[in-house]
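Worksheet for the structure shown next.
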């Protein structure tokens, strides 16, 4: 697996998984995916324009749109199949717009009060993604990113590793996910996205805050952009 450029794994992991993504991510995280996204949502205090990167099927996108009913929410994903499912799932929302783009090559021609994403950090180069976000962020705006991390602590790591031995066997019930469930833990172990993003964000003068979730198996980093 080429972890030097993890973005190359996106097509392999998600090329044929959009239709059952919501159920798989919920079951595989024991329902924590929703809790993590709710925690991310609590970090958004206000705003009228939001950008959700790697929006997938639109789970977080719709949560933002529901919380800020008078806002404009844009969801972006590199996988057209996910955009198609997100649109189908969001027909009751008039304030959501979906765009098929690569987050690292983002070019939307507008700026946002807040940029969010669940699970994108480990796939992208921190320098490239943060620069793309800053081009689309209003002064005083906020970036909030969430993803898995490899937990510290011997006991927690033992359970984490054991779980990812069992999970691919369960993946036999959903064959299009089996290889993803085999390769994903290796990617999580070998990437250090949290340190990378915090370093880059601080380099660009952003104020950062890190929150660890569920026995340090996931994290949220938020950063405020004060440049005028």
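The values are calculated or read from the model by the stated rules, or taken from the named source; none is laboratory data. From a predicted model like this one, the values you see are computed outputs, not experimental measurements. Neighbour counts are summed over all protein chains in view; Cβ atoms, including those assigned to glycine, are modelled from backbone coordinates with ideal geometry.
Counting residues in the range 81-92 that are surrounded by fewer than 22 Cβ atoms within 10 Å (Cβ to Cβ) and touching a strand residue (DSSP E or B) at 6+ places or on another chain (Cβ under 8 Å) gives one or more. Here the range 150-167 is the region considered, the condition is being closer than 30 Å to residue 127 by Cα and exposed (fewer than 13 other Cβ atoms within 10 Å of the Cβ), and the residue that is modelled with the highest pLDDT is 152. The criterion of at least 1 residues that are over 20 Å from residue 208 (Cβ atoms) and modelled with pLDDT of 95 or more is met, among helices (runs of 4 or more DSSP H) falling completely within the range 40-147, by 59-67, 80-89.
If you scan the range 168-222, which residues turn out to be crowded, with 19+ Cβ neighbours inside 10 Å, in contact with a helix residue (DSSP H, G or I) (Cβ under 7 Å, 6 or more places away or on another chain) and part of a loop (DSSP other than H, G, I, E, B)? Residues satisfying the conditions are 191, 217. Take the conditions modelled with pLDDT of 95 or more, within 14 Å of the chain's Cα centre (by Cα) and closer than 20 Å to residue 107 by Cα and apply them to residue 33. Does it pass? The answer is no for residue 33. So for the range 21-34 (the condition being in contact with a strand residue (DSSP E or B) (Cβ under 7 Å, 6 or more places away or on another chain) and in a loop (DSSP other than H, G, I, E, B)), does at least one residue qualify? No. Scoring residue 180 on the criteria (1) under 22 Å from residue 59 (Cβ atoms); (2) modelled with pLDDT of 95 or more leaves a single failure, condition (2). For residue 58, the criteria (1) in contact (Cβ under 8 Å) with a residue 40 or more places away in the chain; (2) surrounded by fewer than 18 Cβ atoms within 10 Å (Cβ to Cβ) hold in every case but one, which is (2). Considering each of 184, 213, 194 in turn, give the residue that is farther than 19 Å from residue 124 by Cα and in contact (Cβ under 8 Å) with a residue 40 or more places away in the chain. The conditions single out 213.
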